[in-house]
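Have a look at the structure below, then the notes.
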Amino acid sequence: MKNFNPIRGTNDYLPRVAITRDRVKRIIMDCYTKNGFNLISTPILEHLELLNSSDGGDNLRLMFKTVKRRDALDLTKPNLCEADIVEEGLRYDLTVPLTRFYANNKEKLPCPFKSVQVDYSFRAERPQRGRDRQFTQCDIDIFGDPSINAELELLSTVLEAYSAVGLTNLTLKINHRQILNAIVLNAGFSKEDISSVCVSLDKIDKISTSGVMAELEEKGYGKTKIASLISAIEDIKKNGLGATKKYGVSDAVFNDFNFLIDSLKKITLNKYNIMFDISIVRGQGYYTGAVFEVYTSGFAGAIGGGGRYDKMLGKFSGTDCPAVGFGLGFEPVCMLINENNLLTNLTKQLALIYEPDDNIVDVFKAKNKLKKEYNVSLYLKPKNMKSFYDKIVSVADYSILYKDYLQKKQIKKLG
């Protein structure tokens, strides 16, 4: 028996769900483009050398890779290694493809360049609530602006987008990689250790403090350093941003970070809970400045996140370029919208049902009139109307028989 279910971690979407997802995407896109971000598109396949050199953290471990084809694949070769078998990788996020895109096209683009991309990414995740192997990302990024103004524009736009699709009780948690770097160095770790340590710290909410300490020990770091680091983080969690100054954070970083949070609250008219949180790490090693995540009630994890990554372009092209971006979690957002019946009446789908003896030309005339108010689909009246209505509700909000329409009877609401 053939298996007709979708591959684990991927989904089929029935019309009702697909309509909601499309509407959510269009609302987000409208918000982003009204705020001056420009739509781009990139391929799902990327060069492995770019993906592997991106400091993508655990995402590199979750990358899907394609097998070489035809004569390029020789399985008879002795002592085969991965490089003999694989050729390209499916993108695990939209940041690496965007950076390659910008490096390839920057001479044709204004500076700063503000982009938006809504497309699929792929990770070999363990599928769970709000996490799939194939998932849609909604990313906005700004290249070429080193100032905090870029973060302010990016984050105010993102919060506006979340509100536009009906989400409330939004909390924006912000940290800064230079704050984290200073704390890690102050605990006795080397500059070369920072990326690895931050990958582990990023898991603190998932595996607890003791789990992070155990992982750092497994990586070969000394217990004294680990204890000093965890002690500093616990102190900052308890006493707030001011406590970071005890652990080597410079006045310049501290003041800029304070300015970012204070200005963002004013720009967004204090509509959102905007706060410093030392536990926001973002496991990818390419972040260089502010990092942030958005949370809302009804979902345990973040529903989006991002940060500043000023050094990534330099890894690809040899020339650094300031950049900051945010990936809105499209999948958990759509899930929350469906679970909480947000954005109801997204469309008005009408089933216009006619009989074999009805004049089909007149039926089409009726359809064209009804299209002024509804999206109209024609259906030939079946023998079993109960079964028909049980199924039509998956694609239509309303229905009416053509003969009832002629008699000006009321259109029936389905469901």
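Brief remarks on what is shown
- Subset of segment 146-187 [closer than 16 Å to residue 308 by Cβ and hydroxyl-bearing (Ser, Thr, Tyr)]: 147, 156, 157
- Set side by side, the residues 379, 389, 398 differ, and just one is within 28 Å of residue 166 (Cα to Cα), under 39 Å from the mean Cα position of the chain (by Cα) and outside the structural domain of residue 38 (by TED's automatic domain parsing), which is 398.
- Search result, residues across segment 314-329 that are assigned to a helix (DSSP H, G or I) and either surrounded by 22 or more Cβ atoms within 10 Å (Cβ to Cβ) or free of Cβ contacts under 8 Å to residues at least 12 places away in the same chain (or both): 314
- Every test in (1) in contact with a Cys (Cβ under 6 Å, 6 or more places away or on another chain); (2) at pLDDT 95 or above is passed by residue 313 save one, and that test is (2).
- Selection of strands (runs of 3 or more DSSP E) fully inside segment 110-224 by the criterion of at least 1 residues being closer than 30 Å to residue 65 by Cβ and hydroxyl-bearing (Ser, Thr, Tyr) returns 113-122, 134-143.
- Tallying residues that are part of a loop (DSSP other than H, G, I, E, B), of a type in the set (A, V, I, L, M, F, W, C) and crowded, with 17+ Cβ neighbours inside 10 Å within segment 239-279 yields 2.
- For residue 282: the one exception among (1) crowded, with 18+ Cβ neighbours inside 10 Å; (2) touching an Asp or Glu at 6+ places or on another chain (Cβ under 7 Å); (3) over 27 Å from residue 24 (Cα atoms); (4) not assigned by TED's automatic domain parsing to the domain that holds residue 23: (3)
- Given (1) without any contact (Cβ under 8 Å) to a residue 40 or more places away in the chain; (2) touching a Phe, Trp or Tyr at 6+ places or on another chain (Cβ under 7 Å); (3) over 16 Å from residue 411 (Cα atoms), number of the condition residue 359 does not satisfy: (2)
- Selected residue (only one of 208, 200 is more than 18 Å from residue 288 (Cβ to Cβ) and buried (at least 17 other Cβ atoms within 10 Å of the Cβ)): 200
- Residue 116 meets the conditions (1) more than 24 Å from residue 289 (Cα to Cα); (2) crowded, with 17+ Cβ neighbours inside 10 Å in every case but one. The failed one is (1).
- Residue in segment 378-394 that is crowded, with 16+ Cβ neighbours inside 10 Å, among the small types (Gly, Ala, Ser) and closer than 22 Å to residue 341 by Cβ present: no
- Qualifying residue in segment 29-45 (condition: among the aliphatic types (A, V, I, L, M), touching an Asp or Glu at 6+ places or on another chain (Cβ under 9 Å), surrounded by 13 or more Cβ atoms within 10 Å (Cβ to Cβ) and within 30 Å of residue 153 (Cβ to Cβ)): yes
- Residues considered: 378, 352. Of these, the only one that is without any contact (Cβ under 8 Å) to a residue 40 or more places away in the chain and in contact with a Leu (Cβ under 9 Å, 6 or more places away or on another chain) is 378.
- The strands (runs of 3 or more DSSP E) found wholly in segment 346-415 and carrying at least 1 residues that are under 17 Å from residue 14 (Cα atoms) occupy 349-354, 375-380.
- Options 159, 152; residue that is at pLDDT 95 or above and either within 30 Å of residue 227 (Cβ to Cβ) or in contact with a helix residue (DSSP H, G or I) (Cβ under 7 Å, 6 or more places away or on another chain) (or both): 152
- Odd one out for residue 6, checked against (1) of a type outside the set (S, T, N, Q); (2) closer than 23 Å to residue 131 by Cα; (3) in a strand (DSSP E or B): (3)
- Criterion: modelled with pLDDT of 95 or more and of a type outside the set (Asp, Glu) - qualifying residue of 53, 41: 41
- From the options 306, 301, residue that is among the small types (Gly, Ala, Ser), in contact with a Gly (Cβ under 8 Å, 6 or more places away or on another chain) and assigned to a strand (DSSP E or B): 306
The values are calculated or read from the model by the stated rules, or taken from the named source; none is laboratory data. A quick note: this is a predicted structure, and the numbers were derived from the prediction, not measured. Quick reminder, even Gly has a Cβ in these numbers, built from the backbone with ideal geometry, and neighbours come from all protein chains shown.
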